[in-house]
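To start, the structure itself, in structure tokens.
The values are calculated or read from the model by the stated rules, or taken from the named source; none is laboratory data. For clarity, every value in this text was computed on a predicted model and none was experimentally measured. Positions of Cβ are generated from backbone atoms using ideal geometry, with glycine treated the same way; all protein chains shown enter the neighbour counts. In case anyone asks, the SASA skips ligands and DNA or RNA and just uses the protein heavy atoms, side chains included. Shrake-Rupley method; radii C 1.70, N 1.55, O 1.52, S 1.80 Å.
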Amino acid sequence: MSRRRSRHDSVRKTTTTPDLSARIDLHCHSTASDGTLTPAQLVRAGAAAGLTVMAITDHDTTGGWAEAEAARPTGLTLVRGAELSCIWHGAPGWPIALHLLAYLFDPAEPVLAGKLARLRENRARRGERIVDNLRADGVPISWDEVAGYAAGGSVGRPHIAQALIRAGLVATTAEAFASEWLGARYLVPKEDLDVFDALRGIRAAGGVAVFAHPRASKRGRVVSDELIEALADEGLFGLEADHEDHSPAERAQIRALAERLGLAVTGSSDFHGTHKTVALGAFLTAPETFEKLVSAATGVPVLG
Ligand code: AMP
Ligand code: FE
Ligand code: FE
Ligand code: ZN
């Protein structure tokens, strides 16, 4: 048994028998970031889709938690989380952007809360710059319109995509991410959190960290196994293997790496409402993995 595997066994505090009929989706977005369902609509849609456990994981914000909690249908367990925009500076050549899912952390812990607030402020400034660049080329959209689509939540490129669709320049969000639009020509990088800093921040706030879609190569360069090993040494809990952006071969590679490093493996939809085509519950996490995740967290409890 590896050193890392024994570390995760040691954080297991309960002997709860996992509910093997549970349907667990640990990665879903609402209008608090770039999803299209409000947090209340999201939890109702989760229950209607037959989920028994769902996580709300908006980009860089806990702003949807309260509404999701208040609207949580009976029988649905709610996991409060967020998806943190991170960057790895150690990659050869230039840095690689990546996402860490943070679960069940204390939203009032000031260091992490401050990091999230800075990420959101940076998202807004960067969104404005992208809009300025588009306007300079004669594209008839405005920052007010884009900020209106974000409606106080974390601003992202999908909100700018909405304006491009409204202006009749593209037909779908996916088209707006082509290289001639938001994918490259009008892409302005965000100022993301150093991934090790983010991981330590999540853990210091009592949370559990899972590396989101670690092999999603269509989003850009992916990180090396060595980075994942270093993150495992810093207390990463798991890797998201089952995700629509991974091929079957990539899922198998992630499982093998997780096994080698003693990490958990999750599966989730990364649901974004109509900004993406994936359905709630399209990919699921195993009940025993969920039990371990809950046991490893000390920030806030699961609800329900
Ligand atoms: P941002 O966080 O502003 O950099 O925008 C990235 C977000 O855009 C991701 O979280 C996805 O929700 C969405 N996204 C990225 N690539 C695509 C794509 N090809 N089609 C549709 N949505 C995408
Ligand atoms: Fe997103
Ligand atoms: Fe992501
Ligand atoms: Zn996501």
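General observations
- Of the residues Ala174, Ala212, Ala178, Ala163, the single one that is near ligand 1 (Cβ under 10 Å from one of its atoms) and crowded, with 17+ Cβ neighbours inside 10 Å is Ala212.
Residue-wise test of (1) closer than 24 Å to Phe290 by Cα; (2) out of contact with any Gly (no Cβ under 8 Å at 6 or more places or on another chain); (3) open to solvent by 20 Å² or more (accessible area, probe 1.4 Å); (4) not charged (D, E, K, R).
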{"position": "Leu51", "(1), (2), (3), (4)": "yes, no, no, yes"}
{"position": "Ala70", "(1), (2), (3), (4)": "yes, yes, yes, yes"}
{"position": "Ser85", "(1), (2), (3), (4)": "yes, yes, no, yes"}
{"position": "Trp88", "(1), (2), (3), (4)": "no, yes, yes, yes"}
{"position": "Tyr103", "(1), (2), (3), (4)": "yes, no, no, yes"}
{"position": "Arg118", "(1), (2), (3), (4)": "no, yes, yes, no"}
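- In a residue-by-residue description of the stretch 55-77, the property of being away from ligand 1 (no atom under 16 Å from the Cβ) and modelled with pLDDT under 95 applies to no position.
- The residue that is surrounded by the fewest Cβ atoms within 10 Å (Cβ to Cβ), among those in the stretch 249-283 that are small (Gly, Ala, Ser) and within 16 Å of ligand 1 (Cβ to nearest atom), is Ala279.
- Count of residues meeting criterion [of a type in the set (Val, Ile, Thr) and either more than 16 Å from ligand 2 (Cβ to nearest atom) or without any contact (Cβ under 8 Å) to a residue 40 or more places away in the chain (or both)] in the stretch 21-76: 7
- Residue match in the stretch 32-45 (condition: open to solvent by less than 20 Å² (accessible area, probe 1.4 Å), at pLDDT 95 or above and either under 30 Å from Leu257 (Cα atoms) or assigned by TED's automatic domain parsing to the domain that holds Ala147 (or both)): no
- Which listed residue is away from ligand 3 (no atom under 16 Å from the Cβ) and under 15 Å from the mean Cα position of the chain (by Cα), from Phe237, Phe271, Phe283: Phe237
- In the stretch 168-191, the residues that are at positive phi form no Cβ pair under 6 Å with any partner that is at pLDDT 95 or above, whether six or more places apart or across chains.
- Selection over the stretch 226-248 of residues that are open to solvent by 60 Å² or more (accessible area, probe 1.4 Å) and not in a loop (DSSP other than H, G, I, E, B) gives a count of 3.
- Check on Arg200, at pLDDT 95 or above, in contact with an Asp or Glu (Cβ under 9 Å, 6 or more places away or on another chain), surrounded by 14 or more Cβ atoms within 10 Å (Cβ to Cβ) and over 30 Å from Pro301 (Cβ atoms): no
- In the stretch 83-105, the residues that are under 17 Å from Asp25 (Cβ atoms) and in contact with an Asp or Glu (Cβ under 6 Å, 6 or more places away or on another chain): His99, Leu101
- Scanning the stretch 165-184 for residues that are assigned to a strand (DSSP E or B) and within 16 Å of ligand 4 (Cβ to nearest atom) turns up nothing.
- Positions within the stretch 53-82 being charged (D, E, K, R), within 19 Å of Arg118 (Cβ to Cβ) and assigned to a strand (DSSP E or B), in sequence order: Asp58
- Flag for Val111 being more than 24 Å from Gly220 (Cβ to Cβ) and either within 16 Å of ligand 4 (Cβ to nearest atom) or open to solvent by 60 Å² or more (accessible area, probe 1.4 Å) (or both): yes
- Only one of the numbered conditions (1) touching a Leu at 6+ places or on another chain (Cβ under 8 Å); (2) open to solvent by less than 40 Å² (accessible area, probe 1.4 Å); (3) not assigned by TED's automatic domain parsing to the domain that holds Leu239 is not met by Gly127, and that is (1).
- Leu239 vs. criteria in the same structural domain as Ala212 (by TED's automatic domain parsing) and over 30 Å from Thr74 (Cβ atoms): yes
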